[in-house]
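Colleague: Structure below; questions to follow.
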Amino acid sequence: MSTHPSYELDRQIAVTPAGEGRYAADVDAGWSVGGGINGGYLLALMGSALRAALPGKPDPLAVSAFYLSAAQPGPATVAVDVRRQGGRLATASAELRQGEDTRITALATYGDLDRDAGDVRTTAVEPHLPPVEECVRNADAPPEIKKIAPMMDRFDMRFHPDQVGWAVGQPSGNGVISAWFRMADGREPDPVSLLMVVDALPPVTFELGMMGWAPTLELSVHVRAKPAPGWLKVRHETRNMAGGMFEEDCEVWDSTGRLVAQSRQLALQPRPVTAGG
């Protein structure tokens, strides 16, 4: 596990027991994007509380979350209700609350990814990315993107050069964005951090020419293995936009070429935002 207080993410998803299944947390403003806080970061914060409530089962295996209202920087509480505590698996519900408002409600199954870790039969194909040094750095993103997405400073991302046309007003129209990914401060990935990684890239709708914040309605994540140290490969794709909503499918592959996380989210069609939200 990569948790260490010297790393930014670990400080920003830290929780403190507050009694009766509740955990106090602080939503960090550095994860702002458009009109709210990044949904993957919030899910990792909830994942940290779930891990604390389920000793002996440290790893998220399946998490499904519904986003009810936009979180804001500041104090929050994660309320965890353990629904089942078995020998191998545990299932719990969790709610992220700020004041009287519930921001996210989730159901999660936790276990130990070291168990049966050698039983792997994967037919999925690892995405191709050019070498890291040949990809496009997020540090070179247009100023208007950086203004609406301060969270990009948390990462070192290197985008596939064929999938960044959106940055210069020439989106490909293919609905795919992929990138090398790691934390800017060198923190290595772990299962809880993958809950954030699946939602870290810009909305895949950017490559459809639709810029702007795309609020998440629902996000389901399957963590399949503990990621090895090093760069991750992250690939997002959408195939259907209808009724003002789109799906975004994500795969995360680690430095050994193993598929370590998969997710699907349903989000609202992007709407333009300004630096002020």
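Colleague: So the check is Cβ under 9 Å with 6+ separation or different chains; which pairs have a first residue in region 84-112 that's farther than 18 Å from residue 21 by Cβ and a second one that's surrounded by 18 or more Cβ atoms within 10 Å (Cβ to Cβ) and acidic (Asp, Glu)?
Modeller: As it stands, the answer is 111/59; 112/59, since those pairs meet every condition given.
Colleague: How many residues does region 234-262 hold that are of a type outside the set (A, V, I, L, M), closer than 17 Å to residue 175 by Cα, open to solvent by less than 50 Å² (accessible area, probe 1.4 Å) and touching a residue at least 40 places away in the same chain (Cβ under 8 Å)?
Modeller: Total meeting the criteria: 5.
Colleague: Looking at region 152-168, I want the residues that are in contact (Cβ under 8 Å) with a residue 12 or more places away in the chain and have a partner that is buried (at least 20 other Cβ atoms within 10 Å of the Cβ) and of a type in the set (Asp, Glu) with Cβ atoms under 8 Å, at least 6 apart or on another chain. Which pairs are those?
Modeller: Matching pairs, first to second residue: 163/207; 165/207; 166/207.
Colleague: If you don't mind, there's one more thing I want to ask. Out of the strands (runs of 3 or more DSSP E) lying entirely within region 1-99, which hold 2 or more residues that are under 30 Å from residue 228 (Cβ atoms), modelled with pLDDT of 95 or more and out of contact with any helix residue (DSSP H, G or I) (no Cβ under 7 Å at 6 or more places or on another chain)?
Modeller: Correct list: 59-67, 90-98.
Colleague: Another question about this same structure. Take residue 137 and decide whether it is basic (Lys, Arg) and either surrounded by 20 or more Cβ atoms within 10 Å (Cβ to Cβ) or within 20 Å of residue 197 (Cα to Cα) (or both).
Modeller: Values: basic (Lys, Arg): yes; either surrounded by 20 or more Cβ atoms within 10 Å (Cβ to Cβ) or within 20 Å of residue 197 (Cα to Cα) (or both): yes.
Yes; evaluated as a whole, the condition is true for this residue.
Colleague: Output the residue which, of all residues in region 202-251 that are assigned to a strand (DSSP E or B) and small (Gly, Ala, Ser), is farthest from residue 43 (Cα to Cα).
Modeller: 242
The values are calculated or read from the model by the stated rules, or taken from the named source; none is laboratory data. None of the values given here were measured: they were computed from a predicted structure. Heads up, the Cβs are rebuilt from the backbone with ideal geometry, glycines too, and the neighbour counts pull from every protein chain shown. For the accessible areas, the whole protein counts, side chains as well, though only heavy atoms, and no ligand, DNA or RNA atoms are used. Shrake-Rupley method; radii C 1.70, N 1.55, O 1.52, S 1.80 Å.
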